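Structure first, then comments.
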Amino acid sequence: KLVKEWQEGFTAIAECRAPVIAAVEGWCIGAGLDLISAADVRLCSRDAKISLREAALGIVADLGSLQRCPTIIGDSNTRMMALSACDVDSEEALRMGLVSRVYDDAEALYRGAEEMAGRIAGFDPDCMMGVKAVMNRQREGAVRDGLEYVGAWNSAHIPLNDLARK
């Protein structure tokens with residue numbers, strides 16, 4: 001039940017009618033990746049490191065990154081991150097399309113995010129909602145089905161006492 005609630009929280013971000021910008025400074029691990037994969041625009045500082053580490057804990061990521069990342073970075077990059085639990089630095093994240101821009105430091109990152117938000121806010125709000133609605137439509141069924149499936153999978157395959165030990 002808790003996982004379902006968290007899934008719904010991340011889905012609410014993805015389905016928010018307004019554009020959502022994620023700014024990543026430093027580490028972004030597990031649920032952090034679930035969060036930014038629900039955003040419309042992802043930016044990061046040069047020191048950012050992004051990781052999908054659930055496999056290292058013996059669990060299947062269940063909050064949305066496995067469902068959303070393939071449309072963002074492709075199937076191969078998603079599998080590499082999920083199966084190896086490796087860290088991706090800012091340059092690799094940019095190369096694979098996980099982020100749209102890399103900024104030298106936190107100050108530049110947040111200034112860049114504010115500028116991006118201001119630019120987007122300068123356009124017709126109905127148009128921005130339309131862009132999001134059309135783009136979200138292509139993936140929403142697959143994401144919902146995938147979230148349901150992974151919730152059932154983890155419920156059946158992860159004894160809670162094993163997870164607590166890890």
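Every number here is computed from the coordinates shown, using simple stated rules; none is lab data. Since the model is a prediction, treat every value here as computed from it, not as a measurement. Here Cβ is always computed from backbone atoms with ideal geometry, including for glycine, and neighbour counts include all displayed protein chains.
Summary of computed values
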item	result
Cleavage-rule hits (trypsin sites (Lys or Arg not before Pro)) in the range 1-64: DSSP loop, at most 16 neighbouring Cβ within 10 angstrom	Lys1, Arg17, Arg46
With eigenvalues of the C-alpha gyration tensor scaled by 5 and rooted, the range 1-152, Å	24, 21, 12
5 angstrom amide H check on Asp47, placed H, neighbours 5+ away	Gly26
Euclidean distance of C-alpha centroids, the range 9-33 and the range 51-66, integer Å	16
Length added when fully stretched, Ala18-Leu57, from 0.36 nm per residue minus Cα-Cα	10.6 nm
Measure of compaction for the range 80-128 (Cα Rg per 2.2 N^0.38 Å)	1.52
